[in-house]
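So the structure is just underneath, and the comments pick up after that.
The values are calculated or read from the model by the stated rules, or taken from the named source; none is laboratory data. In this text the structure is predicted, and so the values were computed from the model without any measurement. Heads up, the Cβs are rebuilt from the backbone with ideal geometry, glycines too, and the neighbour counts pull from every protein chain shown. Accessible surface areas use protein heavy atoms only, side chains included; no ligands, DNA or RNA. Shrake-Rupley method; radii C 1.70, N 1.55, O 1.52, S 1.80 Å.
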Amino acid sequence: MRRKLVAGNWKMHGNRASNAALLEALKASRALDAVDVALCAPYPYLGQLQDSLAGSGIAWGAQNLSQHAQGAYTGEVAGSMLADFGCRYVIVGHSERRALYGDTDAVVAEKFIAAQKAGLTPILCLGETLAEREANLTLEVVSRQIGAVLHVTGMAALARAVIAYEPVWAIGTGRTASSAQAQEVHGELRKQLADHDKRIAAEVRILYGGSVKRDNAAELFSMADVDGGLIGGASLVAEDFLAIVAAAAR
Ligand code: PEP
């Protein structure tokens with residue numbers, strides 16, 4: 001039985017005061033006991049999350065990392081630095097990074113490896129654009145994206161990772177994949193992984209992300225292969241995020 005994970009992606013939002021209010025509200029909730037919960041914050045606030053969340057049962061992480069371990073990479077942040085701030089997770093291959101910052105499949109694979117080398121659990125994002133879905137390329141695209149990682153890491157690495165299926169057309173748009181659409185992709189991904197290793201495929205968590213809200217979360221999370229969510233906008237509002245966590249706990 002896979003334990004559900006609900007991970008918030010704050011993206012480039014928040015400040016010390018708003019973070020503190022959000023963290024206090026989240027820590028006060030009981031809903032957190034039944035599922036794993038994590039928050040992925042902008043780099044400057046990782047120390048704040050560490051101070052606030054240590055011992056709370058809520059894990060924290062970052063939204064990106066460098067593929068390099070150290071060196072002359074001005075502005076970049078290494079996995080070991082994230083580990084230094086107690087991060088458990090790091091998002092790799094988010095569609096915004098792929099679209100805006102040149103994170104190709106190959107770079108995403110390098111970042112995935114760098115994360116694990118630093119002892120972090122990568123949350124590997126996959127997903128098709130609207131044009132790709134309309135051209136019936138969804139499964140081809142997500143297979144290519146996961147294949148690019150598997151090719152260099154091997155299947156054993158997936159035992160220490162989380163996958164997030166995030167259709168690009170659903171991120172921040174208010175347009176959610178139907179539960180059937182999500183299940184189709186999640187089921188297919190798990191089937192493909194099972195061709196490599198049945199046990200790891202059965203155990204790896206596959207989150208859904210893309211406009212998950214308090215009123216659609218329960219339906220999405222009820223699907224056999226949807227093991228929780230990666231939550232953007234709704235992770236910035238304590239009551240909404242907690243309602244999503246509660247939906248995962250059902
Ligand atoms: C995300 O940022 O990964 C995301 C899924 O955002 P939203 O929930 O706002 O669509």
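Considering TYR73, TYR89, which residue is in contact with a Phe, Trp or Tyr (Cβ under 9 Å, 6 or more places away or on another chain) and of a type in the set (Phe, Trp, Tyr)?
On inspection, the qualifying residue turns out to be TYR89.
Does the range 4-32 hold any residues that are in contact (Cβ under 8 Å) with a residue 60 or more places away in the chain, under 18 Å from ALA218 (Cβ atoms) and not aliphatic (A, V, I, L, M), and which are they?
Listed by number, the residues that qualify are LYS4, GLY8, SER29.
Select from the range 183-226 the residues that are under 16 Å from ILE146 (Cβ atoms), of a type outside the set (A, V, I, L, M) and within 16 Å of the ligand (Cβ to nearest atom) and list them in ascending order.
Within the range 183-226, HIS186, ARG205, TYR208, GLY209 meet the criteria.
For the range 1-19, what are the residues that are farther than 20 Å from ARG205 by Cβ and open to solvent by 40 Å² or more (accessible area, probe 1.4 Å)?
Once the filter is applied, which keeps residues that are farther than 20 Å from ARG205 by Cβ and open to solvent by 40 Å² or more (accessible area, probe 1.4 Å), the range 1-19 yields LYS11, MET12, HIS13, GLY14, ASN15, ARG16, ALA17, SER18.
If I ask for residues that are open to solvent by less than 20 Å² (accessible area, probe 1.4 Å) and either at positive phi or within 16 Å of the chain's Cα centre (by Cα) (or both), which ones from the range 129-156 would you list?
VAL142, GLN145, ILE146, VAL149 - these are the residues of the range 129-156 that are open to solvent by less than 20 Å² (accessible area, probe 1.4 Å) and either at positive phi or within 16 Å of the chain's Cα centre (by Cα) (or both).
So is ILE200 at pLDDT 95 or above and within 17 Å of ASN9 (Cα to Cα) or not?
Considered against the rule, which asks whether it is at pLDDT 95 or above and within 17 Å of ASN9 (Cα to Cα), ILE200 comes out as no.
Looking at (1) free of Cβ contacts under 8 Å to residues at least 40 places away in the same chain; (2) more than 25 Å from GLN181 (Cβ to Cβ); (3) within 14 Å of the chain's Cα centre (by Cα), which is the one condition that is false for ASP51?
ASP51 satisfies all of (1) free of Cβ contacts under 8 Å to residues at least 40 places away in the same chain; (2) more than 25 Å from GLN181 (Cβ to Cβ); (3) within 14 Å of the chain's Cα centre (by Cα) except (3).
Go through the range 67-110 and give me each residue that's outside any loop (DSSP other than H, G, I, E, B), within 21 Å of THR153 (Cβ to Cβ) and within 16 Å of the ligand (Cβ to nearest atom).
Residues satisfying the conditions are TYR89, VAL90, ILE91, VAL92, SER95, ARG97, ARG98, VAL108.
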